[in-house]
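Report on the structure given below.
The values are calculated or read from the model by the stated rules, or taken from the named source; none is laboratory data. Given the structure is predicted, the values throughout are model-derived calculations rather than measurements. Using ideal geometry, Cβ is built from the backbone for each residue, glycine included, and neighbour counts are taken over all protein chains shown.
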Amino acid sequence: MLLSKEARLTENSYYEASVTRPDPATALGDQISADICVVGAGFAGLSAALELRAKGYSVVVLEAKTAGWGASGRNGGQAIVGYASDDAIEAQFGADDARRAWQITVEAMQLLRSRITEHAIDCEFVPGFMSVAVNEKKGRKLAQASDNMARRYGYQTQAISAADMPQWIASKRFHSGSFDAQSGHLHPLKYCLGLAAAVRAAGVRIYENSPVIEVVRGSKPLIKTAQGSVLCNFVVLAGNVYLDAYSKTVAVAPELARRIMPVGTYIVATEPMGKERADALIHQRAAVCDTNFVLDYFRPTADHRILFGGRVSYSAATPVNLVGSMRQRMLDVFPQLSDLKLPYAWGGFVDITMNRGPDFGRLGDNIYYLQGFSGHGLALTGMAGKLVAESIAGQAERFDLLARIKHHPFPGGKLMRTPALVLGMLYYQLKDLL
Ligand SMILES: Cc1cc2nc3c(=O)[nH]c(=O)nc-3n(C[C@H](O)[C@H](O)[C@H](O)COP(=O)(O)OP(=O)(O)OC[C@H]3O[C@@H](n4cnc5c(N)ncnc54)[C@H](O)[C@@H]3O)c2cc1C
């Protein structure tokens, strides 16, 4: 069902139009073995593969479609320090462990930057991220959150007062903000394809068009596709919301599906507007995200477009008049762009958890899973892969720290989960409006 909703979301992506993909890798057609089998060639799976290979393991990646087909090749490109919900993590962890958890996200940004350099990935990285508040009350909350970050984690951002706001963004929509020089933005599909190339160059076999339909658990798990299988010692499940989409009869990991919910989010790209005009919109060409619960996020591209994202859907159906409603959201922020066409519009599903904290863990002692990035996965997926590799190699402390985050399943079983979430989200949308 999820996959049938995907066709419209992928057909008109600026990212796909601005890369040349390599020919797809061959599909798995044999019975093979490896130390580790990774399911999914998005950021999380590829990062795990790269880190595990660096530790000397033989690694195979099975990808249902092609590398970067999922959220990793479609997202807003905003690589941000922190979690989707720092409060939830702090509430569960207490001060010391919350600080260690925060530090993992700082390292995630460093890892992202060092991978770009080390593997010479041309993905248009630009440093700078601005968090913006739409009114005075939200501005106070944002300033308070920035103060907390500085006091509790020693993480510094630059406050942007209401008076200074016009120098930072050519929009009247925002009251005040904060600027984070360490976070930034990039072309996610270029980064993902670069990561896949680095993984292959390290000696990992990636099989594409090879959906996993069953994982037979045991001391040596057997990972089955329609035409082949991988016998291994460890499995890393990094299939996001699609993990169970490929078999009508068996679920790959039924216990995981209820812990995340696919929420659609959408992006449009303007036509190019020229460097001077694009540079005048956002100071330092930073990425921008507002602090609303149902948020808008946008950034300039290397070829001087604005990529504008937002608009959520909880029913998995693509919203009616998607381009028209996205256009209106963009014009609410930048009315001066009304002359520009929107030649691209696409979207994808964010894997949210109830508390918006990431959901990492093990099924038994040899099947690892990484999910629930809750829209904050660009940088964190890199560390997720690194922490899995540390854990498999015997250093489990940091993986176990994040695996301690408690998650509740979405209520209501498969049929009622979505209506329950819609009601919850309507409440938050109302809060944004008020
Ligand atoms: C529109 C959109 C905007 C976003 N914007 C941002 C942003 O600006 N900043 C940010 O930090 N995050 C953002 N996110 C979230 C971010 O993209 C994700 O957190 C991240 O890409 C997740 O990576 P992943 O590897 O877990 O999943 P994915 O990239 O989805 O990869 C999973 C892969 O597994 C494969 N797979 C699934 N099941 C199977 C199976 N059974 N067998 C074989 N293969 C399988 C899929 O085909 C897919 O390629 C956004 C997401 C979306 C959709």
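Applying the selection to segment 322-352, what residues are in a helix (DSSP H, G or I) and small (Gly, Ala, Ser)? Listed by number, the residues that qualify are Gly324, Ser325.
Selection of segment 99-122 for residues being crowded, with 16+ Cβ neighbours inside 10 Å and over 29 Å from Phe293 (Cα atoms) yields Arg115, Ile116, His119, Ile121. Filtered by the rule that a residue be assigned to a strand (DSSP E or B) and touching a Gly at 6+ places or on another chain (Cβ under 8 Å), segment 290-310 gives Tyr297, Phe298, Arg299, Leu307, Gly309. If I ask for residues that are more than 15 Å from Thr26 (Cα to Cα) and basic (Lys, Arg), which ones from segment 204-221 would you list? If the condition is that a residue be more than 15 Å from Thr26 (Cα to Cα) and basic (Lys, Arg), then Arg217, Lys220 are the ones that fit. Of the strands (runs of 3 or more DSSP E) contained entirely in segment 170-248, those carrying at least 3 residues that are near the ligand (Cβ under 10 Å from one of its atoms) and surrounded by fewer than 24 Cβ atoms within 10 Å (Cβ to Cβ) fall at 212-216. Within the option set Val60, Val19, Val38, being under 27 Å from Glu390 (Cβ atoms) and either more than 10 Å from the ligand (Cβ to nearest atom) or in contact with a Pro (Cβ under 9 Å, 6 or more places away or on another chain) (or both) holds for one residue only, Val60. Are any of the residues in segment 310-322 modelled with pLDDT of 95 or more, surrounded by fewer than 20 Cβ atoms within 10 Å (Cβ to Cβ) and either small (Gly, Ala, Ser) or within 16 Å of Gly375 (Cα to Cα) (or both)? Scanning segment 310-322 turns up no residue that is modelled with pLDDT of 95 or more, surrounded by fewer than 20 Cβ atoms within 10 Å (Cβ to Cβ) and either small (Gly, Ala, Ser) or within 16 Å of Gly375 (Cα to Cα) (or both). Just a yes or no: is a residue in segment 390-400 within 16 Å of the ligand (Cβ to nearest atom) and touching a Phe, Trp or Tyr at 6+ places or on another chain (Cβ under 6 Å)? No; the residues of segment 390-400 include none that is within 16 Å of the ligand (Cβ to nearest atom) and touching a Phe, Trp or Tyr at 6+ places or on another chain (Cβ under 6 Å).
Selection of segment 33-63 for residues being within 14 Å of Val230 (Cβ to Cβ) and surrounded by fewer than 24 Cβ atoms within 10 Å (Cβ to Cβ) yields Ser33, Ala34, Asp35, Tyr57, Ser58, Val60. Restricting the first member to segment 236-252 and to residues that are among the polar types (S, T, N, Q), and the second to residues that are at pLDDT below 95, the beta-carbon pairs closer than 8 Å and six or more apart or on different chains are Asn240/Phe349; Asn240/Asp351. Every condition in (1) under 29 Å from Val81 (Cβ atoms); (2) surrounded by fewer than 17 Cβ atoms within 10 Å (Cβ to Cβ); (3) touching a His at 6+ places or on another chain (Cβ under 8 Å) holds for Ala278 except the one numbered (2).
Give me the pairs: first residue in segment 58-84 and over 28 Å from Ala345 (Cβ atoms), second residue assigned to a loop (DSSP other than H, G, I, E, B) and within 6 Å of the ligand (Cβ to nearest atom), beta-carbon distance under 7 Å, and six or more apart or on different chains, which are they? Close Cβ pairs (under 7 Å, with a partner that is assigned to a loop (DSSP other than H, G, I, E, B) and within 6 Å of the ligand (Cβ to nearest atom)) amount to Val61/Ala41; Tyr83/His376. Whenever a residue of segment 328-353 is more than 30 Å from Ala257 (Cβ to Cβ), its partners that are assigned to a strand (DSSP E or B) and within 16 Å of the ligand (Cβ to nearest atom), lying with C-beta atoms within less than 6 angstrom and at least six residues away or across chains, give the pairs Arg329/Gly310; Met330/Phe308; Leu342/Val268; Tyr344/Ala269. Just one of the listed residues (Gln156, Gln167) is surrounded by fewer than 18 Cβ atoms within 10 Å (Cβ to Cβ), free of Cβ contacts under 8 Å to residues at least 40 places away in the same chain and touching a helix residue (DSSP H, G or I) at 6+ places or on another chain (Cβ under 8 Å), namely Gln156. The residues of segment 335-360 that are away from the ligand (no atom under 14 Å from the Cβ) and either among the β-branched types (Val, Ile, Thr) or modelled with pLDDT of 95 or more (or both), listed by number, are Pro335, Gln336, Leu337, Ser338, Asp339, Leu340, Lys341, Leu342, Pro343. Evaluated against (1) within 12 Å of the ligand (Cβ to nearest atom); (2) in contact with a strand residue (DSSP E or B) (Cβ under 7 Å, 6 or more places away or on another chain); (3) over 16 Å from Val263 (Cα atoms), Gly382 falls short on exactly one condition, (2).
The rows are residues; the columns are (1) touching a helix residue (DSSP H, G or I) at 6+ places or on another chain (Cβ under 6 Å); (2) surrounded by fewer than 23 Cβ atoms within 10 Å (Cβ to Cβ); (3) under 30 Å from Ala133 (Cα atoms).
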{"site": "Gly324", "(1), (2), (3)": "no, yes, yes"}
{"site": "Arg327", "(1), (2), (3)": "no, yes, yes"}
{"site": "Phe334", "(1), (2), (3)": "no, yes, yes"}
{"site": "Tyr344", "(1), (2), (3)": "yes, yes, yes"}
{"site": "Thr353", "(1), (2), (3)": "no, no, yes"}
{"site": "Asp365", "(1), (2), (3)": "no, yes, no"}
{"site": "Leu370", "(1), (2), (3)": "yes, no, no"}
{"site": "Gly385", "(1), (2), (3)": "yes, no, no"}
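Quick check on segment 89-100. Is at least one of its residues within 16 Å of the ligand (Cβ to nearest atom), among the acidic types (Asp, Glu) and touching a residue at least 60 places away in the same chain (Cβ under 8 Å)? For segment 89-100, residues within 16 Å of the ligand (Cβ to nearest atom), among the acidic types (Asp, Glu) and touching a residue at least 60 places away in the same chain (Cβ under 8 Å): absent. Mind counting the residues in segment 329-350 that are under 25 Å from the mean Cα position of the chain (by Cα) and within 19 Å of Ile169 (Cβ to Cβ)? So the count comes out to 3.
Would you be able to say whether some residue in segment 131-148 is within 14 Å of the ligand (Cβ to nearest atom) and crowded, with 21+ Cβ neighbours inside 10 Å? Checking segment 131-148: at least one residue is within 14 Å of the ligand (Cβ to nearest atom) and crowded, with 21+ Cβ neighbours inside 10 Å.
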